[in-house]
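The values are calculated or read from the model by the stated rules, or taken from the named source; none is laboratory data. Everything quoted here is computed from the prediction, not taken from an experiment. A quick note on method: Cβ atoms are made from the backbone with ideal geometry, for glycine too, and the neighbour counts reach across all protein chains shown. Surface areas here come from the heavy atoms of the whole protein model, side chains and all, with no ligands, DNA or RNA. Shrake-Rupley method; radii C 1.70, N 1.55, O 1.52, S 1.80 Å.
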Amino acid sequence: MNFIQTRGNTEGFEEEVPFSHAILNPSASFGGLYVPKTLPKIDSAFIEENKDITYRDLARKILNMFEIDIDQKVIDEALSLYEKFDDSVDTAPVVKIEDDLFVNELYHGPTRAFKDMALQPFGYILSNLAQKIDKKYLILAATSGDTGPATLESFANKANIQVACLYPQGGTSDVQRLQMVTEDAPNLKVIGIKGNFDDAQSALKSLLASDTFKAKLQENHISLSAANSVNFGRIIFQIIYHIKSYFSLLSQGEIALGEKIYITVPSGNFGNALGAYYAKKMGIPIEKILITSNANNVLADLVNKGEYDIRERKLILTNSPAMDILKSSNVERVLFDKFGAARTKEMMDDLQKNNYYHLSKEELNLLQEDFAAIDTDDSYGLSVIKKYAQKGYVMDPHTATCLKAYEELKNKDLKMVICSTAEWTKFAPTMLMALEENDEKKSDLEALTKISKTLNIPITPSVNALFEKDIIHDKVVEKDAIESEILDFIQA
Ligand SMILES: *Cc1c(COP(=O)(O)O)cnc(C)c1O
């Protein structure tokens, strides 16, 4: 199946491209994104027949439905990476926490956040493609804490790919930082930036615009690609686990075939929610996709008011840092699906120029057919963490935002699945603040130890081991030193 572009087509671009092209060169005409030309359909016979299937076998079937131009052998090898997850059969367990509420635990991979679900197989496929066409790629990543570790873990020692990863010094948890700076592979470079996540991201943007940088890449025969969720190679893997959660509920006898469910997604760049939207369009009986935001509630405002407005907004640092975002890339793919390329380009141009776009009343109605949204503040999340820990279920601060959707947006008597996007161990200082109801931030190690003792739960071994590992990447630099750091790395 071919891929088309969200903002229409311009000179120098093919009107449609195969999957391999879309993932090697994720930027489309006018700065738009690639999307599948059509979506495969899943009917109730398929659901019935496959409800007890393993995660990997389902993934294989779904990928085959998309008819992507990747050899079956490579797909199978990529999917075999799910063996690195806690349970190689039940890759993403669906756990009941209320009679009508279930948690889709997406964090059982190597870096303990849901990013592994897509980045593990995606990294394998991208490296394989790069080898096949005998080209070298550089992937630049700026991270607020979860994308960085998952990207590095995915591409470590992979041929034809180098990764340079920027993180804000002091802007991540110790666990997240250690996951990055202890990654030992010659094709990886991790650089701390003096500044916040915005600074890291803007440094990356100015790098991409720098002529000396681009010339050096060319001289060294290196092309740029991207591993964030603008790359459809990640989105395709994020459709699968939403589909699987429906199969799991059916298999557990919690729903009847055809019964609708709600899916709730704690959202930032909207890749996870987009995966749920595509699952719904493919035929999974989903009543609505419920979006939760933190204090950076730009997505909640879009879904509720039809306005995307970042004219007066400043990024607010919250307890759910992976959702601290102002420009959410994947909304564009939904806009395209609903309103077409011309209208999407208009809105994206408005956003670029005026930091603002808005939907008409009819457009908003269409959006609300599939989505509802709500925002939360930090104190709400802390109280949810404590409440559920006392009931025996431990969830991280991102997952905790979903309970607000359960309480306030679920207006039909249907089951709800919430996406758990990270393990508590990545955010231990915040977890401890919630449990002890104070605002004194302890170190990660102290908080991990204390929580483990108090709640009588283990610290994940790979997380514990981080504190003993050698630091490989100790560079922390000013913004203007980044370019030379990365050039030294790619020429080494
Ligand atoms: C990345 C991330 C999110 C946001 O996911 P999007 O797909 O960008 O919306 C939420 N929670 C955690 C823990 C994450 O790492």
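Remarks
- When L178, L140, L129, L119 are checked against the criterion of being hydrophobic (A, V, I, L, M, F, W, C), open to solvent by 10 Å² or more (accessible area, probe 1.4 Å) and either within 14 Å of the ligand (Cβ to nearest atom) or in a strand (DSSP E or B) (or both), L140 stands alone in meeting it.
- A400 satisfies every condition listed in (1) on the phi > 0 side of the Ramachandran plot; (2) within 15 Å of the ligand (Cβ to nearest atom) except (1).
- Within segment 323-338, at least one residue is more than 13 Å from the ligand (Cβ to nearest atom) and among the aliphatic types (A, V, I, L, M).
- Number of the condition not met by N319 [criteria: (1) polar (S, T, N, Q); (2) away from the ligand (no atom under 13 Å from the Cβ); (3) modelled with pLDDT of 95 or more]: (2)
- Residues in segment 181-202 that are open to solvent by less than 10 Å² (accessible area, probe 1.4 Å), closer than 12 Å to A142 by Cβ and assigned to a helix (DSSP H, G or I): A200 only.
Here is a yes/no grid of residues against (1) surrounded by fewer than 19 Cβ atoms within 10 Å (Cβ to Cβ); (2) part of a helix (DSSP H, G or I):
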| position | (1), (2) |
| --- | --- |
| S144 | no, no |
| G148 | no, yes |
| T151 | no, yes |
| G170 | yes, no |
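- Matching residues, segment 1-43, being of a type in the set (A, V, I, L, M, F, W, C) and part of a strand (DSSP E or B): F3, I4, V17, V35
- When residues of segment 309-340 are limited to those that are among the small types (G, A, S), in contact (Cβ under 8 Å) with a residue 60 or more places away in the chain and open to solvent by less than 30 Å² (accessible area, probe 1.4 Å), the one nearest to N272 (Cα to Cα): S328
- Unique residue being closer than 24 Å to E423 by Cα, out of contact with any Ser or Thr (no Cβ under 8 Å at 6 or more places or on another chain) and of a type in the set (A, V, I, L, M) when the list is L119, L152, L140: L152
- Pairs meeting the criteria (first residue in segment 453-466 and of a type outside the set (D, E, K, R), second residue in a helix (DSSP H, G or I), beta carbons under 6 Å, at least 6 apart or on different chains) are I459/L448; I459/S452; T460/T425; V463/V175; V463/T425; L466/L178.
- Residue that is at pLDDT below 95 and either within 27 Å of the chain's Cα centre (by Cα) or part of a helix (DSSP H, G or I) (or both), where the choices are A428, A481: A481
- Strands (runs of 3 or more DSSP E) fully within segment 342-424 counting 2 or more residues that are crowded, with 16+ Cβ neighbours inside 10 Å: 371-375, 415-420
- Tallying residues that are in a helix (DSSP H, G or I) and in contact with a Leu (Cβ under 9 Å, 6 or more places away or on another chain) within segment 79-95 yields 1.
- Selection status of Y124, open to solvent by 10 Å² or more (accessible area, probe 1.4 Å), within 16 Å of the ligand (Cβ to nearest atom) and not β-branched (V, I, T): no
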